[in-house]
Structure formats: structure tokens, C-alpha cells
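Here the structure comes first, spelled out in C-alpha cells, and everything after it is commentary.
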Amino acid sequence: MPELPEIETIRRGLGPLLVGRRVLGVEVRERRLREPVAPRGLARLRGATVTGIRRRSKYLLLDTDAGLTLLVHLGMTGQLWVADRDRPRRPHEHVVILLDDGRDLRYADIRRFGLMHVVRSDRLDFHPRLKGLGPEPLDGAVSGETLFRATRGLKKPVKNFLMDTRAIAGVGNIYACEALYRAGISPRRPVRRVGKSGWDGLVASLRDVLNEAITAGGTTVRDFLNAEGDVGYFAVSLRVYDRKGKPCGRCGKPIRRIVQAGRSTFYCPRCQR
């Protein structure tokens with residue numbers, strides 16, 4: 001699944017290609033995504049000009065001068081990119097937005113777990129998909145102090161807490177594993193047993209790994225593509241994720257895999273306490 005750095009990479013890539021472009025029309029070729037696509041809703045974008053593109057958690061938000069925002073989630077295998085109109089179709093292209101410069105914004109999704117909604121821009125904060133999201137991990141609202149205070153008395157494992165979008169928005173499985181490894185904290189440790197200095201180090205590690213991944217263009221896992229259809233390059237920097245049985249780069253002990261909340265967790269049993 002594309003995670004925060006992949007979505008941020010796509011956002012940055014799409015910005016120069018979309019901002020200032022007018023929507024000529026929308027073609028819906030397959031409605032059956034996680035939530036059915038509403039062709040009439042997407043048709044409301046016709047004639048609107050894109051004024052900006054933002055990210056909230058793992059959602060992309062394309063703002064327009066019509067007071068409407070296109071909300072997109074890529075699900076497990078969704079891809080969103082800009083292509084010349086005469087470029088051949090790729091398999092599983094479900095939605096195509098025609099732009100006024102002869103190019104298209106195309107959405108493909110093999111497993112169809114993504115979603116696309118047109119929302120009034122002034123009502124975005126109340127949309128069910130955005131309401132209740134926690135602060136962004138790269139914003140100043142997330143600090144060791146705030147997380148230390150928020151977790152007193154809680155028994156939840158720290159890995160599960162990092163992936164709770166109500167606590168912190170958008171930290172996916174790959175980067176939770178990587179941040180915990182860098183901070184030397186076991187994914188099993190209850191959050192109430194992480195001290196103030198531990199949270200300070202974990203927040204710093206989380207920001208480091210996210211920023212490095214964004215700079216590198218995302219992680220080369222599954223079907224991630226950036227805005228122009230290129231793969232990411234961060235996979236070479238992964239230290240524990242998907243490395244079960246391989247030696248830890250610090251101590252040489254084999255990396256372990258466990259399952260937490262239905263997700264694979266990779267960690268070093270010696271370096272992470």
C-alpha cells in the first residue's frame with residue numbers, strides 16, 4: 001500500500017502538472033472501487049481549474065476554483081499519474097480526467113480498494129474519511145512531550161499506537177517498523193512504558209525516516225508509482241522491514257517477524273528493547 005512518503009511524492013510530482021489546468025471532462029470506466037464512484041459527482045469538476053494539491057494523512061486533495069475538492073485514496077494498488085492523451089491505456093484504468101493541455105490525469109487500481117469523492121471544499125473537515133484524523137507526523141503538533149502525555153496509562157503496544165490514525169495521521173507499516181528500529185524501541189513495548197526521552201527519540205526517528213523516504217521518492221514496494229509513472233528508490237534503505245531472517249545491520253542477530261493487529265512487524269530482538 002502506498003504510504004505517507006509515496007503519497008507526498010505523488011503530491012509534489014502532480015503539483016506542477018495539475019495546478020492551473022482546467023478540467024475538460026471525466027471518463028468513468030469502472031465504478032466498482034472500495035466505495036462506488038459517482039460519475040455525476042466527478043462530472044461536477046468539468047470546467048473547474050485546479051488551484052492546488054494537498055495531502056492529509058494518506059489522502060490526496062485536489063482543490064479547484066469551483067469550491068470543490070477531489071479526495072483520492074489509492075488503497076492497496078492504486079496509481080495516479082499524468083499522461084499524454086494519445087498514450088495507450090494501461091490495464092485497470094478506471095477513471096480518466098481530461099485536462100486542457102492535451103493530457104489526462106489517470107487513475108488505475110488492480111484490486112479496486114481505492115476511492116474518489118468530490119467534496120465541497122468548505123466541508124472537507126467534516127468528511128467521514130478525514131474527520132477524527134490525528135496530527136501529521138511531520139508537523140510541529142507531534143512531539144515527544146505530546147505523545148508522552150497522551151499515552152500515560154495506556155497498554156497498547158507502541159507499534160499499534162503509531163499506526164492509529166486517531167493518534168498520528170498516516171504512519172504506515174513500513175515506516176513504523178523502521179522508526180522503531182532506529183529508536184531502539186521494541187514494537188511490543190506498551191506505550192505507557194515509553195518515557196519522555198524515548199518518545200523524543202522515536203519522533204525524531206520517525207521524521208528522519210519519513211523525510212529520507214520522501215527525498216528518495218518513496219519505497220519500491222508493490223505497485224507504487226510517482227506522478228509520472230516511475231518507481232520509488234527508498235527500498236535500498238530499509239533496515240528491518242521485510243528482512244525476516246536477515247542479519248541486523250547493528251548486531252548481526254536475525255531480524256524477526258511477528259504479527260500485530262493483523263500486520264507484519266519486523267524488528268531486531270537484541271537492539272530493540
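The values are calculated or read from the model by the stated rules, or taken from the named source; none is laboratory data. Worth saying up front: this structure is predicted, and the values here are computed from it rather than measured. So basically every Cβ, Gly included, is an ideal-geometry build from the backbone, and we count neighbours across all protein chains shown.
Structure summary
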{"quantity": "Checking R152 against (1) among the basic types (K, R); (2) free of Cβ contacts under 8 Å to residues at least 40 places away in the same chain; (3) in a loop (DSSP other than H, G, I, E, B), the condition it does not meet", "calculated": "(2)"}
{"quantity": "Residue list for the range 245-268, filter: in contact (Cβ under 8 Å) with a residue 40 or more places away in the chain and assigned to a loop (DSSP other than H, G, I, E, B)", "calculated": "A261, C268"}
{"quantity": "Residue list for the range 94-147, filter: of a type in the set (A, V, I, L, M, F, W, C), assigned to a loop (DSSP other than H, G, I, E, B) and more than 20 Å from L74 (Cα to Cα)", "calculated": "L138, A141, V142"}
{"quantity": "Candidate set: the range 20-35, residues that are more than 21 Å from T77 (Cβ to Cβ) and in contact with a Leu (Cβ under 9 Å, 6 or more places away or on another chain); chosen: the one surrounded by the most Cβ atoms within 10 Å (Cβ to Cβ)", "calculated": "V23"}
{"quantity": "Unique match (being among the aliphatic types (A, V, I, L, M), crowded, with 20+ Cβ neighbours inside 10 Å and within 15 Å of the chain's Cα centre (by Cα)) among V171, V118, V158", "calculated": "V171"}
{"quantity": "In the range 103-142, the residues that are within 18 Å of G67 (Cβ to Cβ) and touching an Asp or Glu at 6+ places or on another chain (Cβ under 7 Å)", "calculated": "S121"}
{"quantity": "Unique match (being without any contact (Cβ under 8 Å) to a residue 40 or more places away in the chain, surrounded by fewer than 18 Cβ atoms within 10 Å (Cβ to Cβ) and hydrophobic (A, V, I, L, M, F, W, C)) among A38, A43, A108, A48", "calculated": "A43"}
{"quantity": "Residue list for the range 80-93, filter: part of a loop (DSSP other than H, G, I, E, B), of a type outside the set (D, E, K, R) and farther than 15 Å from E30 by Cβ", "calculated": "P88"}
{"quantity": "Search result, residues across the range 1-53 that are among the basic types (K, R) and closer than 30 Å to L138 by Cβ", "calculated": "R11, R12, R21, R34"}
{"quantity": "Unique match (being among the basic types (K, R) and not assigned by TED's automatic domain parsing to the domain that holds A43) among R112, R103, R120, R149", "calculated": "R149"}
{"quantity": "Test for L98: is it modelled with pLDDT of 95 or more, aliphatic (A, V, I, L, M) and outside the structural domain of A83 (by TED's automatic domain parsing)", "calculated": "no"}
{"quantity": "Where I185 falls short, out of the listed (1) part of a helix (DSSP H, G or I); (2) surrounded by 21 or more Cβ atoms within 10 Å (Cβ to Cβ)", "calculated": "(1)"}
